[in-house]
1. In the structure displayed, which of A:Lys158/A:Lys196; A:Lys158/B:Lys96; A:Lys202/B:Lys96 lie more than 28 Å apart, Cα to Cα?
2. What spacing in nm lies between the two simple spin-label points modelled at A:Glu95 and B:Asp38, each 7 Å away from Cα in the Cβ direction?
3. Can you give the helix-only mean residue ellipticity at 222 nm for chain A, where every DSSP H stretch with n ≥ 4 adds -39500 (n - 2.57) and the sum goes over all residues, rounded to the nearest 500 deg cm²/dmol?
4. Can you put B:Leu65, B:Leu94, A:Leu205 in order of Cβ neighbours within 10 angstrom, beginning with the fewest?
5. When the helices in chain B are scored as -39500 (n - 2.57) per DSSP H run of 4 or longer and the sum is shared across all residues, what 222 nm value do you end up with, to the nearest 500 deg cm²/dmol?
6. Please report the net charge: other residues with Cβ closer than 14 Å to the Cβ of A:Lys41, K and R +1, D and E -1.
7. Taking the Cα centre of each part, how many Å lie between the stretch A:81-142 and the stretch B:71-96?
8. Quick one: give the max-minus-min coordinate of the C-alpha atoms of the protein assembly as shown along each principal axis, largest first, in Å.
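Nothing in this text is a laboratory measurement; each read-out follows from the coordinates by a stated rule. What you see is a predicted model, and the numbers here were worked out from it, not measured in a lab. FYI the Cβ positions are ideal-geometry reconstructions off the backbone, even for glycines, and counts take in every protein chain you see.
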Amino acid sequence: MFQVIGGRSVQAARLLAPRSAVLVEAVRGRKSRNDPVAKSKEGRIKTPPPVDPVEMVVLKERYSEYQLIMRALRLEFKEEVLRKRYEEETGSRAEERARQEAEEHQALMAWNDQENLRLLKLRVLRVQQEAEEAQRKKMEVIMQREQQQQELLKEKEKEILQLQEDIKNFITLENLDQRIEEALDNPKNYNFAIDKEGRVVKQTLLQ
Amino acid sequence: MPRYELSLILKAMQRPETAATLRRTIETLIARGAVVRDLENLGDRLLPYKIDKHNERHSRGSYFLVDFYAAPSILTSFLDHLQRDVDVVRSTVLKKDDRVSSSNCCGPQQ
């Protein structure tokens with residue numbers, strides 16, 4: 001029902017010299033809006049606290065003065081801040097500073113361009129060299145491959161020549177009989193042992 | 001054409017009959033389009049075990065080796081033919097591989 005108050009209304013209420021130590025005021029609490037009035041409060045007429053006119057006048061004056069001074073201070077400070085900002089942007093020193101910055105900027109850009117040029121030259125050189133290297137390697141690979149093919153061809157040719165030689169010893173219908181007689185006359189024996197140098201060591205007899 | 005090797009075990013017969021069998025075999029080969037390279041005789045020996053073939057028990061045989069070039073398609077029919085020949089005890093055709101390169105083998109290094 002009674003709530004503790006704080007804030008701006010404290011000053012006015014404090015002057016009313018409350019009896020209790022804590023400042024309280026009437027507030028909707030336990031009873032809701034539609035509840036009937038309590039029996040002990042039936043004929044109660046609520047009156048606001050009395051105001052002392054002299055005191056009120058004095059208070060009003062003082063308050064108005066105080067607020068005036070506070071408002072003025074605040075506006076002063078705000079104006080100072082705005083002025084400082086304005087000075088920053090469009091003051092006399094601002095132009096110099098802007099000019100210096102522009103100069104610096106130009107100088108740095110020029111230096112940057114120089115560096116870019118230098119690096120460009122280096123890069124061009126390097127890329128060229130790498131291209132040459134790659135070209136050379138490719139040519140090398142091609143040469144090697146060609147060489148390998150040549151070698152292969154030679155091998156094949158040798159084999160063909162070898163075969164052509166061997167053909168003279170092949171068996172045909174004409175020398176079939178002769179070869180058979182030859183074979184029957186010369187039995188071959190493959191049952192021998194070799195040592196590490198490849199010489200024949202042991203040979204089993206043919207029965 | 002790939003190169004094959006026919007190892008032939010013939011029945012222990014007299015020389016003219018062996019010659020006739022060999023002639024027959026090689027003629028069959030040539031008839032099927034093979035090129036016979038060489039014929040080797042590995043001798044008449046005791047067979048490692050007694051072999052039963054064509055209702056006969058063989059304990060001795062003559063070993064022969066024929067290497068030839070042929071198309072792979074004739075091999076099955078040729079083997080069939082050899083199976084049906086009465087004088088042939090056992091026949092095997094193997095492919096002849098190229099000589100292995102004489103570099104160091106990848107065996108355990110000592």
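1. From A:Lys158/A:Lys196; A:Lys158/B:Lys96; A:Lys202/B:Lys96, over 28 Å: A:Lys158/A:Lys196.
2. In this crude spin-label approximation the distance works out to 11.2 nm.
3. -22500 deg cm²/dmol
4. In order of increasing Cβ crowding within 10 Å: A:Leu205, B:Leu94, B:Leu65.
5. -8000 deg cm²/dmol
6. +3
7. Cα centroid of the stretch A:81-142 versus Cα centroid of the stretch B:71-96: 86 Å apart.
8. Rounded to whole Å, the extents work out to 166, 79, 44 Å.
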